[in-house]
Amino acid sequence: MLEGSVTPPNFFFVRDHFDQPDISVETWKVRFEGRVAKPYELNFSDLVELPGKRIEAVLECAGNAANGSAVSNGIWEGIPLAPLLERAQPSSEAALVMLEGADSGRLFEDRSPLPYSQVVPLERCRQDSSLIAFKLNGLLLPVRNGFPARAIFPGWYGMDSVKWLRRVVVMSAQDQASSAFHQSGMDCFYNRVRNSGQDVNISRISSVQVKSSIAWPTDGVKLPAGRYTVWGFAWSGSTAIREILVSTDAGSTWNSTALKRQASPHSWVRWNYSWNATPGEHVVMSRASDESGRQQPMKRDPQRKDGYELNWCVPIHCSVR
Amino acid sequence: MNLIGACRFIAASGSIILATSLYAQDCAQPGLSAPERLSRFRDLDAQAQSAMQQKRFSEAVRLYREAICLAPESPRGLYGLGVAQAASGDFLNARESLRKADRIQPTSPLPLAMEVRINFSLDDIDALKANLREEAQRFPRDAQLHALLARFLAEKKLETLALAESLRAQQGGSGDADTTVQLAILENAAGAYEDAIRNAAAVERRTELPEKLRASAAGVAGLSYASVGQSDEAITHLQGAIRLDPSRENSYLALADVFERAQKYPEAVAVLKQGWAKIPDSTAFLLQLGSDLIRIEKYREGIDTLRELLHRDPKADQAYISIADAARKMGNSEQELQALHDLSRHKPDYPMIHVLIARAMLNGGAIDYPKVLGELALAEKAAPEDPDVYYLRGKVFIATNRYREAATALNRSIELRPLEPGPYYQLARLYQKMGKSELAKEQFGRLKYLEAAPSN
């Protein structure tokens, strides 16, 4: 993570399931089809000449470690998905949208190679913030970030923001079982698995959990005594960050931090804490809460059996002399 | 008025519509017959065009208004009025006139194309995009129109829309080599390197085309190859660009850049010298050449090159810094200081200039400590939280036996940048000099602790 609020494209995290596809901007198209009255397609020129929208938003990998770096914050520019879907006139049974990228491969040995795809509720696609983005931080998307265009769902984990987008398929709830999303085995990933001992509950992951991370100091650091600025970022999926607290004694006491700018929904906020580090062993932690009252947990829910939504407070050990 | 070729529009609107029953309310109409009105209209149109050519835009607006009183539904008159209104800065009314012209004669792309320019001037990008969509829908195969729009948008730095229009020109069937090179330039800028290479290399290969155009194409191919990490191909194409048009400075600079990225500085120097010899009036080579000469330890030649640059362009800030850098490496602190003072004179607010001067003074032979402190006072004024100010001040105070002030300054430096080892070392040495061995030991201990921690 870098010091500024916006992550430069070269430093933007990248998580791919398959190899990056070769795409020509001259022949690239995105097709709207499925349970619609008027399927159609847009080429690059058609897309970028539509009325656009800009939104600052965090993109985080659903499997980002508790103090991990698979998270970035960018200014996305693109076309709202809602009017693009309306133009195709979804039928009355439409409930889901499958977004398909140009990258493809095999998720399981016994499955056929299929394009990367995710299924998102139609209702979510109709929200104002859902975009087909073609710019990041004022420049056309780099290839590794999805050039020429990708989906962006601010507030949701990154897997649904399908890169190298080429098909938007409107489906009914019943269509999912026969879709490429299901056939490829993608529906086995990105699920919340909770085992209470008697029941196993499985549900789809979507909204980003409230989280903060400490950019400095790093774990295991040795410091001469003195005054330091502890800093990091905090973000949440649905609402703005309200407060970030910092502890330097493993959570026994908490101190408020200064936010570098006013927090807003979808984007992250940088926080600072001025720490007078005295000689001894210290455990530094940060804890964020958002406007909806959600607070970072101190520990991982022991019933969780999956590897997603890893948002607990991470201890950073510092030796001060 | 010549965006698309006014002649095409005028030919299309050859039959001037004279709607005798549709006079605007504010038009004082004499009792003219239809042929008289036509004749008067043509006369006013000619006068208005003449006024436009002589940049008498307000007069042109007046004349076109008068002409439109005679022929309110004339697309030619309305278009002329729109252009004249735009030229006189009345963009909102210009847009209205052009929209009316477009409604009356939707077969001509000219009013919409002119509206693109007006919407750009009004900074109304949504309306500009609407114009482009309209043009795409009504004139999808007009490659010339889309190529010209692309050129205008590229000039105005709307590169994404320029690429969109350039692609429309290609899809409209434009086989024009100029348009293909323009598309390749935009694709290269967009990061669509494979597309750019294919288009540019195709033009570069066509020996019947003018060499300047082929040189542009070779240059774009070279840049795109460099961007995908194929430096051998990049070098071949950029050398080809230089061969085809030795007067293009960008080809030399791009080729030198490829060599620099591969840390082949002698090759970069050779290319830049070749460019400078071919285009001796250009200053574009000198900073890069001077810096590369310093990199290969040809300090004297590097300094001479940078001085030549400063002779031509005294505002080239980086040249002063590079001269100072070369002088320091040569052990010539006087020359280093001179370069920094020159920079300070030309740009007093250059970041950290006083710290740089103070540091250079401390590296010199006979040090004038009060002067160093004077520079540091100026540095503190410019950046009160710069730890280097206090670190250097601490060193001056140690050298002048002002130990207590030195300790204060060094502690302030540590407070501002606690992970920098230098101040701890200076503080430890200071305490030794002051006979405070416990405090010295403590500082040496912190220094050792800090240096042993790789995770910092």
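The values are calculated or read from the model by the stated rules, or taken from the named source; none is laboratory data. These numbers come from a predicted model, not from an experiment. Cβ: placed from backbone, ideal geometry, glycine included. Neighbour counts: every protein chain shown. For accessibility, only protein heavy atoms count, side chains too; no ligands or nucleic acids. Shrake-Rupley method; radii C 1.70, N 1.55, O 1.52, S 1.80 Å.
When Rg and Dmax are taken over the Cα atoms of segment A:13-58, they come to 14.3, 38 Å.
Taking a straight Cα-Cα cut-off under 28 Å and skipping sequence neighbours fewer than 8 places away in the same chain, the lysines within cross-link reach of residue B:55 are B:100, B:156, B:157. Within the shell of other residues whose beta carbon sits under 10 angstrom from the beta carbon of residue A:313, the net charge comes to +3, with Lys and Arg scored +1 and Asp and Glu -1. Put simply, segment A:65-187 fits an ellipsoid with semi-axes of 23, 20, 13 Å; these come from the alpha carbon gyration tensor as the roots of five times its eigenvalues, largest first.
To put it simply, the accessible area of chain A at a 1.4 Å probe is 47 percent carbon and sulfur.
Between A:62, A:234, A:258, the GNM of chain A built on Cα springs shorter than 10 angstrom shows A:258 fluctuating the most. Against the main long axis of the alpha-carbon atoms of chain B, helix B:317-329 sits at an angle near 30°. Largest accessible area first, the residues A:123, B:165 order themselves as A:123, B:165 under a 1.4 Å probe with ligands, DNA and RNA left out.
Projection of the Cα convex hull of segment B:302-456, averaged over all directions and equal to a quarter of that hull's surface, yields 10.3 nm².
Of the candidates A:265, A:115, A:302, which one comes out as most mobile in a Gaussian network treatment of chain A with C-alpha springs shorter than 10 Å? Fluctuation is largest for A:302. Partner shielding of A:82-88 amounts to 0, given as the average count of beta-carbon atoms from other chains within 10 Å of each residue beta-carbon.
Projecting the alpha carbon convex hull of segment A:211-320 along each direction and taking the average yields 7.1 nm². Using a probe of 1.4 Å on the protein chains alone, the accessible area found for residue A:270 is around 30 Å².
Computed over protein heavy atoms with a 1.4 Å probe, the accessible surface of chain B works out to 48 Å² per residue.
Pairs of alpha-carbon atoms within less than 8 angstrom and 6+ residues apart define the contacts here; what relative contact order does chain B have, in percent? For chain B, the relative contact order is 5 percent.
With the whole protein complex present, residue B:157 retains an accessible surface near 140 Å², based on a 1.4 Å probe. Ratio of Rg to Rh for chain B, alpha carbon only, Kirkwood? A ratio of 1.19.
Spherically averaged projected area of the convex hull of Cα atoms, segment B:49-117: 4.0 nm². The loop-placed GluC sites (Glu not before Pro) in segment B:196-247, going by DSSP, that have at most 12 neighbouring Cβ atoms within 10 Å of their Cβ come out as B:208.
Counting only protein heavy atoms and a 1.4 Å probe, segment A:9-189 has 38 square angstrom of accessible area per residue. Note on the protein assembly as shown: Kirkwood hydrodynamic radius from all Cα pairs is 31.8 Å, rounded to one decimal. Taking chain A as a Gaussian network of alpha-carbon nodes connected by springs under 10 Å, the highest mean-square fluctuation of the residues A:191, A:311, A:73 belongs to A:191. Its DSSP H runs of at least 4 residues, each contributing -39,500 (n - 2.57), put the calculated 222 nm mean residue ellipticity of chain A at -1500 deg cm²/dmol, to the nearest 500. Take each residue in A:223-232, count the other chain C-beta atoms within 10 Å of its C-beta, and the mean is 4. Residues A:248, B:400, A:253, ordered by accessible area of protein heavy atoms at a 1.4 angstrom probe radius and largest first, appear as A:253, B:400, A:248.
Note on residue A:111 and residue A:177: with the Förster distance fixed at 22 Å, the Cβ-Cβ geometry gives a FRET efficiency of about 0.90. Looking at segment B:61-156, the pairs of alpha carbons with a distance over 16 Å make up 53% of the total. The three principal axes of the C-alpha atoms in segment A:257-318 carry coordinate ranges of 39, 31, 17 Å, sorted with the longest axis first. Ordered from highest to lowest accessible area with the whole protein assembly present and a 1.4 Å probe, B:446, B:345 read as B:345, B:446.
The residues of segment B:416-445 listed by number as losing at least 20 Å² of accessible area in the complex, against the isolated chain and with a 1.4 Å probe, are B:418, B:419, B:424, B:445. Pairing chain A with chain B buries about 2600 Å² of accessible area. This figure sums both sides and uses a 1.4 Å probe. Across peptide B:192-198, the mean count of Cβ atoms from other chains lying within 10 Å of each residue's own Cβ comes to 4. Computed over segment A:198-267, the percent of Cα pairs more than 18 Å apart is 53. Averaging the sequence gap over all C-alpha pairs within less than 8 Å and six or more residues apart, then dividing by the number of residues, gives chain A a relative contact order of 18 percent. Every helix of 4 or more DSSP H residues in chain B counts as -39500 (n - 2.57), and over all residues that averages to -23500 deg cm²/dmol at 222 nm.
Both radii were evaluated on the Cα set of segment B:399-447; the Rg over Rh quotient, with Rh as the Kirkwood radius, amounts to 0.94.
A straight Cα-to-Cα reach below 18 Å connects residue B:278 with the lysines B:212, residues fewer than 8 places away in its own chain not being considered. Between residue B:419 and residue B:369, what's the calculated FRET efficiency when r is the beta-carbon distance and R0 is 30 Å? Round to 0.05. Here the calculated transfer efficiency is 0.60.
The Rg/Rh ratio of chain A, with both radii computed over alpha carbons and Rh defined as the Kirkwood radius, is 1.01. Ordering B:332, B:305, B:254 by the projection of their Cα atoms onto the charge dipole of chain B, which places +1 on the Cβ of Lys and Arg and -1 on the Cβ of Asp and Glu, puts B:332 at the extreme positive end.
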